[in-house]
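The structure appears right after this line, and notes come after that.
The values are calculated or read from the model by the stated rules, or taken from the named source; none is laboratory data. It should be emphasised that the depicted structure is a prediction, and the values quoted were computed from it without experimental measurement. Neighbour counts run over all protein chains shown; Cβ positions are idealised from the backbone, glycine included. Side chains included, ligands, DNA and RNA excluded: accessible areas come from the protein's heavy atoms. Shrake-Rupley method; radii C 1.70, N 1.55, O 1.52, S 1.80 Å.
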Amino acid sequence: MITFKDVSLRYDRGAGVKNINFSVQRGEFIYLIGPSGAGKSTLLRMLFMDIFPNTGSVQVDHFDSNTIKRRQIPKLRQKVGMIFQDYKLLDDRDVFSNVALPLQVIGVSTREIERRVTKTLEEVGLTHRRLYYPSELSGGEQQRVSIARSIAKDPLVLLADEPTGNLDMGVALEILNLLWRVNAKGTAVIMATHNIELIKNRPSRTFRLSHGEFKGELLP
Amino acid sequence: MNLSFIFKEGLSGFKRAKFPFIVSVVTLSICLTLIGVSIMIGDNIFGYFREVQSDFDVQMFYNPQASNSEQHAALEYCNTYPGVMTTVYISRNEAVALFQEEFGENIFDILKDNPFPASVRIGFDRYHQNVGYISGFKASLEQLPGIETVTFHKALFLKLTAILRVLTMVGGAFVLLLFIASVLLTSNTIKLIILARFDWIETMRLIGASDFTIRSPFLLEGAFQGILGAILTLGAVHGVEAGIMKLTNLDLNSRLMQFPEVIILLFTTGIILGVLGSYRAVRRFIYMVV
């Protein structure tokens, strides 16, 4: 489903990634670990085709970084969920509207949106917060909303870029467990983190990166 | 793609960035007012020169011995000539009255007899007001029986035509420049709205919204601003016209707001300015964000 083949990218300011090769199958849970600047976010950004490799290719489902057209990128992103350390929620609308957004964009009917958002909020345990605004929620709850927004459209893969970076250990573990529940329903998850202690609780296939280079794979 | 979503986002845009929205509407309105007032002033100057020019089209003088039937036939000839818009018959007595009106003296105090022949003033429509055409007409009139002389102030006519041509070009270029400036100005103000909604664009990008879905609400909002700007402009231009008439006692030839087509044009221009300004502003931001 996802393949990195001889991928290298060098930013104008230097750094980037060098000669990355790996693949991810449907339903897998992958950790990308490494210190800041190791290239974890760069790999995730390549997966939603925000940036493109200088050499090699990134393939996600049937989209290839070398052949994808700009107008096809939204189609790819409709199949890829993304969550970030800073949640990226819209402050001017409530939880329900935030989660409904990706469904509205692809033209899902109002009744179906109501059904799917309600179900998704149940899954992330936020039914009681559906009319709250992001500013009224804790960090952990905001990250749950962000996860709900990403999985409401039933993506093939969920990309998580330091999703627990702003959270204390207890809440971080709750978020990790939630991601595993999402994975259990068939969605592949790729999570970038530098929190080794956290992922020891839920071991899985892990790629280690350092200075933009692949430093080996750890199996659970 | 969900059209109702696009409409909802577009129309609620002003709630999310009230101040930039108001600034954009006012900017648009100022631009439209400048364009409207320029057209109004240009149109009135143009109309004035055209009026002056029409006085100098052609005047046909009858031979004092011309019979009624000859006079009638010549007048009929003028009335049916292609391009002739007006014919005004001036009898000998009317000519005396006109002389008195213009020079303040009664001709009979100077002369014993009325020296003025009967005449016809002939005006052409704008499509036939060219020297070659009018000269041909003049020559054909001179061949008619009962006609003493035909005058056509060619040099003055040419001068006025040149002035009108320059006015048209300069006025057109001025309005075009004003339009371009308006698009740039409007687009810069609309950037304020887009800056205020930068997070929205970023999020929309991440969740897989197409360029069209992201751009459309802003274009719709731009059109909405254009409509509001045009309404403000209606009031402003109306006020300027009323002010000019009151302060200068000048009877304006044409008042823009009298014509429904001008009002439609005003709204259309407002919408085009708003949409173009939004398009220009949003395009840059869409490409800046992921």
> Among B:Phe259, B:Ala173, B:Ile22, which residue has its Cα positioned farthest towards the positive end of the charge dipole of the protein assembly as shown, with +1 placed on the Cβ of Lys and Arg, -1 on the Cβ of Asp and Glu, and the dipole taken about the Cα centre?
Replying inline: B:Ile22
> Hey, with R₀ at 60 Å, roughly what FRET efficiency would B:Ser12 and B:Tyr81 work out to, going by the Cβ-Cβ distance, to 0.05?
Replying inline: 0.45
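If you average 1/r over every pair of different alpha-carbon atoms in chain B and take one over that average, what Kirkwood value in Å do you get? Could the numbers behind the result be given before it?
Details: mean 1/r = 0.0424 Å⁻¹.
Every distinct Cα pair counted, the radius reaches 23.6 Å.
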> How much accessible surface does A:Glu174 have with a 1.4 Å probe, in Å² rounded to 10?
Replying inline: 90 Å²
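Add -39500 (n - 2.57) for each DSSP H run of 4 or more in chain B, then divide by its residues: what number comes out at 222 nm, to the nearest 500 deg cm²/dmol? The partial results should precede the final answer.
Details: 11 runs with 211 residues, N = 290.
Helices in chain B give a 222 nm mean residue ellipticity of -25000 deg cm²/dmol.
Nothing charged except the Cβ atoms of Lys and Arg (+1) and of Asp and Glu (-1): what's the magnitude of the dipole of the protein assembly as shown about its Cα centre? Round to the nearest 20 debye.
Working: 53 positive and 47 negative charges, 647 e Å.
With Lys and Arg at +1 and Asp and Glu at -1, about 3100 debye.
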>> Using a Gaussian network model on chain B with a 10 Å cutoff between Cα atoms, which of B:Gly208, B:Gly226, B:Gly42 fluctuates the most?
In response: B:Gly208
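Cα-based Rg of the protein assembly as shown per 2.2 N^0.38 Å, rounded to two decimals? Mind showing how you got there, number by number?
Working: Rg = 38.3 Å, N = 510, 2.2 N^0.38 = 23.5 Å.
Dividing the Cα radius of gyration by 2.2 N^0.38 Å gives 1.63.
Order A:Thr164, A:Thr3, most accessible first, counting only protein heavy atoms with a 1.4 angstrom probe. Kindly include the intermediate steps, with their values, before the conclusion.
Details: A:Thr164 10, A:Thr3 55 Å².
These residues rank, largest area first, as A:Thr3, A:Thr164.
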> Over chain A, what lengths in whole Å, largest first, do the semi-axes of the equivalent ellipsoid take, defined as the square roots of 5 times the eigenvalues of the alpha-carbon gyration tensor?
Replying inline: 28, 21, 15
> Cα centroids of region B:211-236 and region B:123-144: how far apart, whole angstrom?
Replying inline: 49 Å
> Which whole-angstrom value gives the distance between the alpha carbon centres of region A:38-90 and region B:34-76?
Replying inline: 73 Å
> Once the Cα atoms of helix A:139-151 and of chain A are each reduced to a long axis, what angle between those two axes, in degrees from 0 to 90 to the nearest 10, is obtained?
Replying inline: 80 degrees
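Please work out how many pairs of lysine residues in region A:1-80 are eight or more positions apart (or on different chains) and have Cα atoms closer than 19 angstrom.
For region A:1-80, qualifying lysine pairs total 4.
What does the charge add up to near A:Ala38, with Lys and Arg as +1, Asp and Glu as -1, over the other residues with Cβ less than 11 Å from its Cβ?
Details: positive: A:Lys40, A:Arg208, A:Lys215; negative: A:Glu213.
Local net charge: +2.
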> Hey, with R₀ at 51 Å, roughly what FRET efficiency would A:Ser109 and A:Thr55 work out to, going by the Cβ-Cβ distance, to 0.05?
Replying inline: 0.70
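For region B:1-81, report the % of Cα-Cα distances exceeding 18 Å. Let's see the in-between values first.
On the way: 2360 of 3240 pairs.
Within region B:1-81, distances greater than 18 Å cover 73 percent of Cα pairs.
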> Based on the alpha-carbon gyration tensor of region B:174-266 and its eigenvalue square roots a ≥ b ≥ c, which shape applies: rounded if a/c is under 1.5, prolate if not and a/b is larger than b/c, or oblate?
Replying inline: prolate
> Quick one: buried accessible area between A and B, total over both chains, 1.4 angstrom probe, nearest 100 Å²?
Replying inline: 1800 Å²
> Along the charge dipole of chain B, which of B:Gly10, B:Tyr133, B:Cys78 sits closest to the positive end, that is, farthest toward it, with unit charges on the beta carbon of Lys, Arg, Asp and Glu (+1, +1, -1, -1)?
Replying inline: B:Gly10
>> Using the Cα centre of the protein assembly as shown as origin and beta-carbon charges of +1 (Lys, Arg) and -1 (Asp, Glu), tell me which of B:Thr33, B:Ser69, A:Ser138 is placed farthest towards the positive end of the dipole.
In response: A:Ser138
> Using a simple charge model, +1 on the beta-carbon of Lys and Arg, -1 on the beta-carbon of Asp and Glu, nothing else, what dipole does region B:57-152 show about its Cα centre, in debye to the nearest 20?
Replying inline: 260 debye
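Mean projection of the alpha-carbon convex hull of region B:57-152 over all orientations, in nm²?
6.4 nm²
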> FRET efficiency for A:Glu122 and A:Trp180, Cβ-Cβ distance as r, R0 = 22 Å, nearest 0.05?
Replying inline: 0.80
>> At 1.4 Å probe size, what's the solvent-accessible area of B:Asp109? Round to the nearest 10 Å².
In response: 130 Å²
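So if I place +1 on the C-beta of Lys and Arg and -1 on the C-beta of Asp and Glu, and nothing else carries charge, what would the dipole magnitude of chain A be about its Cα centre? I want it in debye, nearest 20.
Values: 31 positive and 24 negative charges, 133 e Å.
Here the size comes out at about 640 debye.
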>> Keeping all protein chains in the complex and leaving out DNA, RNA and ligands, what accessible area do you get for B:Lys154 with a 1.4 Å probe, in Å² to the nearest 10?
In response: 100 Å²
>> For the protein assembly as shown, what does the accessible surface come to per residue with a 1.4 Å probe? Please give it in Å².
In response: 50 Å²
> Would you list B:Lys15, B:Lys191, B:Lys246 from the most to the least accessible area, probe 1.4 Å?
Replying inline: B:Lys246, B:Lys15, B:Lys191
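Got a number for carbon plus sulfur as a percent of region B:57-152's accessible area, 1.4 Å probe? Mind showing how you got there, number by number?
Numbers: 2900 of 5660 Å².
After summing per-atom areas, the C and S share lands at 51 percent.
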> Hey, could you pull the Cα Rg and Dmax for region B:132-213, both in Å?
Replying inline: 29.5, 88
> How do B:Phe103, A:Phe96, B:Phe179 stack up against each other in accessible area, from largest to smallest, with a 1.4 angstrom probe?
Replying inline: B:Phe103, B:Phe179, A:Phe96
> Each label point is 7 Å from the Cα along the Cα-to-Cβ direction; what then is the distance between the points at A:Arg71 and A:Arg26, in nm?
Replying inline: 2.9 nm
> Tilt of helix B:68-80 relative to the longest C-alpha principal axis of chain B, in degrees (0 to 90, nearest 10)?
Replying inline: 20 degrees
